[in-house]
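Working notes, structure below.
The values are calculated or read from the model by the stated rules, or taken from the named source; none is laboratory data. None of the values given here were measured: they were computed from a predicted structure. Neighbour counts run over all protein chains shown; Cβ positions are idealised from the backbone, glycine included. In case anyone asks, the SASA skips ligands and DNA or RNA and just uses the protein heavy atoms, side chains included. Shrake-Rupley method; radii C 1.70, N 1.55, O 1.52, S 1.80 Å.
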Amino acid sequence: MNARTVVISPAPTANGDLHLGHIAGPFLAADVHTRYARSQGREVLLGTGFQDTSTFVVTTAHRRGVTPAELVSTSAAQISASLEAMGIGVDGYTGDDDRFTKWVVDFVGRLYSAGKLELRTMKFPYSSRSGEFLVDGFASGSCPECLAEGCAGLCESCGQLVAAGDLLDVRSTLDPADPVVLREADVLVLPVEKYRAQLQAHFEAHASGMRPHMAQAMAAMLAKPLPDFPVTYPTSWGIEVPFPEVAGQRVNPNAEPMAWSMHATALAAEKRSGAGSSEDALWLAGAGSEIVYFLGFDNIYPFAIAGPAMLLALDGRYDLPTRYLTNEFYELDHRKFSTSRGHVVWSRELAAEVPRDLIRFHLAATSPEHQRTSFTRDGLSRVTSTRLVSPWNRLADKVNRWVGIGPLPVSSRSRRAAARMAERFAASYELAGFSLNRAAETIAEQLARLDGREVTGANAGDFCFEVDRLLRGAAPILVDLAEQALGEDAGVDAESFTPAALPRLHPAGSDR
């Protein structure tokens, strides 16, 4: 087993707060696995943060009538507060400071100095009015691969790399009426095709580390020649590069993921240990780190193809990530979350209304692991009331009748039941079969099983013991209930148990 697990959720763009779609995707999953693994005595680091180099910062700021700097400052604080409000325990939270900027330039500079980047002439949409090349969020159109509407850079629908010059019916995002033409510009690229065979071999060896949709998409991408990946862009937004061939250009934000991931890891390690280290120390070959990503399907190209190709280009210096736990889109009332249209539920606002354990349970139960799923307020209220709150409160009432009495005997049958519960939770929390859906299902199933039991003096010890073991298994999801109710662990093999008072849960919509 590796010495440590490095868990990473890609940084959201600093162009707004986190809505429930963000939390239901990578963040809750990463937090739940991290909490579980630590409960098993393992070393785990969890890193995320925010990204301000994306062109979507500029387009959103333009739409809102604020400066990009103002938007980043507000969004960075909102993102951090929303993660905390939802109980996401982040160790390393990245920002836009000089340390990060210098590390990105240093990392890309290593590729440049090693001769791994090549100068290419590429076509980009060009704004006749602004005199600017349109890259990523500045250019809108249809994906040439799947025809879905979107922006340049990455296709949210199929996950493919989308060169701005290849967009169908391309137009300016900021000014759709602006006459757009294609112009050539020299940029530095990573010839990813050179590393395709190594990428294929790596992912074939770690096929179990991907969910089916990603495995299918990766196989399709790696089955044909890979396009050159632009590392620099002819744009004025982002981190400037010092290379004379492309003076004044910026780092492609989608070329930052490996450097950003290392930076997040370093911050996480420093927070947990209190000691500093190099940005890439835990990524070095032989360092004993298992790199695990929890991410949206639309992020697989930069994090699973272009990023690992960069690591391969540095000739064995680094180990490659081995696991990618992807999610699909989480919708609101069966339509995509849209801040511009006001079709959104903000995480912090909901957490101020509803106990976050209920939110975490519902998001786990409806997590979009393999297909799009949808949030509704009625669903949150109904599901949590019938499957969590009501049965738990009945269990708590039964346990509380025996508080102050004990220790009570625990039978071998009950110890076996507790062991089976632990096994079912472990199967959902371990990376090999990780599933928030199944973890939430296990919580609901075991609550229902115990709820139907009549408690007498003959079986009170068994009942109270199994409720305690259930809550310990549910603790990575029901974080507040576990913190309030769980005391010293009697152990799964306990022959006696002394019950402690259990708090009740409040339903969604109630006064707390």
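Selection of segment 467-489 for residues being open to solvent by less than 30 Å² (accessible area, probe 1.4 Å), over 16 Å from residue 359 (Cα atoms) and aliphatic (A, V, I, L, M) yields 467, 470, 471, 485.
If you go through segment 396-428 and keep only what is farther than 17 Å from residue 491 by Cα, open to solvent by 40 Å² or more (accessible area, probe 1.4 Å) and among the aliphatic types (A, V, I, L, M), you end up with 403, 405, 427.
Among the listed residues 445, 441, identify the single one that is touching a residue at least 60 places away in the same chain (Cβ under 8 Å), among the acidic types (Asp, Glu) and either touching a Cys at 6+ places or on another chain (Cβ under 8 Å) or assigned to a helix (DSSP H, G or I) (or both).
On the way: 445 fails: touching a residue at least 60 places away in the same chain (Cβ under 8 Å).
So the residue among 445, 441 that is touching a residue at least 60 places away in the same chain (Cβ under 8 Å), among the acidic types (Asp, Glu) and either touching a Cys at 6+ places or on another chain (Cβ under 8 Å) or assigned to a helix (DSSP H, G or I) (or both) is 441.
Inspection of segment 262-283 finds a residue satisfying the criterion of being open to solvent by 10 Å² or more (accessible area, probe 1.4 Å), touching a His at 6+ places or on another chain (Cβ under 7 Å) and acidic (Asp, Glu). Take residue 443 and decide whether it is out of contact with any Lys or Arg (no Cβ under 6 Å at 6 or more places or on another chain) and within 20 Å of residue 359 (Cβ to Cβ). Answer is yes for this residue. One residue is enough: does segment 241-248 have a residue meeting the conditions of a type in the set (Gly, Ala, Ser), out of contact with any helix residue (DSSP H, G or I) (no Cβ under 7 Å at 6 or more places or on another chain), open to solvent by 70 Å² or more (accessible area, probe 1.4 Å) and modelled with pLDDT of 95 or more? Yes.
Evaluating residue 140 against the criteria (1) more than 18 Å from residue 117 (Cα to Cα); (2) open to solvent by less than 70 Å² (accessible area, probe 1.4 Å); (3) in contact (Cβ under 8 Å) with a residue 40 or more places away in the chain leaves one unmet condition, (3). Note on segment 180-204: residues that are surrounded by fewer than 17 Cβ atoms within 10 Å (Cβ to Cβ), among the aliphatic types (A, V, I, L, M) and in contact with a Pro (Cβ under 9 Å, 6 or more places away or on another chain) amount to 2.
Condition check: under 13 Å from the mean Cα position of the chain (by Cα) and among the polar types (S, T, N, Q). Does residue 53 satisfy that? Taking the combined requirement at face value, the residue does not satisfy it. Scanning segment 175-190 for residues that are over 28 Å from the mean Cα position of the chain (by Cα) and either of a type outside the set (Asp, Glu) or within 22 Å of residue 316 (Cβ to Cβ) (or both) yields a total of 10. Is at least one residue of segment 489-512 closer than 22 Å to residue 89 by Cβ, outside any helix (DSSP H, G or I) and of a type in the set (Val, Ile, Thr)? Within segment 489-512, not a single residue is closer than 22 Å to residue 89 by Cβ, outside any helix (DSSP H, G or I) and of a type in the set (Val, Ile, Thr). All conditions but one from (1) over 18 Å from residue 271 (Cα atoms); (2) open to solvent by less than 70 Å² (accessible area, probe 1.4 Å) apply to residue 95; the one that does not is (1). Within segment 167-179, how many residues turn out to be surrounded by fewer than 18 Cβ atoms within 10 Å (Cβ to Cβ) and closer than 21 Å to residue 229 by Cα? Going through segment 167-179 one residue at a time, the tally reaches 1.
Filter segment 65-92 down to residues that are charged (D, E, K, R) and open to solvent by 70 Å² or more (accessible area, probe 1.4 Å), then give me how many there are.
In the first step, residues of segment 65-92 are kept if they are charged (D, E, K, R); the result is 70, 84, 91.
Then drop every residue that is not open to solvent by 70 Å² or more (accessible area, probe 1.4 Å), which leaves 70, 84.
Residues that pass the stated criteria total 2.
Looking for whichever is among the polar types (S, T, N, Q), in contact with a Lys or Arg (Cβ under 9 Å, 6 or more places away or on another chain) and more than 21 Å from residue 397 (Cα to Cα) here; the options are 428, 435. Which one fits? Only one candidate qualifies: 428. Looking only at residues in segment 151-162 that are small (Gly, Ala, Ser) and crowded, with 19+ Cβ neighbours inside 10 Å, which one is farthest from residue 132 (Cα to Cα)? My answer is 159. Among the residues making up segment 39-52, those that are open to solvent by less than 10 Å² (accessible area, probe 1.4 Å) and either touching a Phe, Trp or Tyr at 6+ places or on another chain (Cβ under 7 Å) or over 21 Å from residue 303 (Cα atoms) (or both) are 48, 49.
Among residues of segment 6-38 being under 28 Å from residue 319 (Cα atoms) and over 15 Å from the mean Cα position of the chain (by Cα), the one that is surrounded by the most Cβ atoms within 10 Å (Cβ to Cβ) is 36. Among the residues that make up segment 250-258, is at least one of them surrounded by fewer than 23 Cβ atoms within 10 Å (Cβ to Cβ) and hydrophobic (A, V, I, L, M, F, W, C)? There is no residue in segment 250-258 that is surrounded by fewer than 23 Cβ atoms within 10 Å (Cβ to Cβ) and hydrophobic (A, V, I, L, M, F, W, C). For the subset of segment 121-134 comprising residues that are touching a residue at least 60 places away in the same chain (Cβ under 8 Å) and under 21 Å from residue 237 (Cβ atoms), which member is least open to solvent (accessible area, probe 1.4 Å)? Among residues in segment 121-134 that are touching a residue at least 60 places away in the same chain (Cβ under 8 Å) and under 21 Å from residue 237 (Cβ atoms), the one least open to solvent (accessible area, probe 1.4 Å) is 124.
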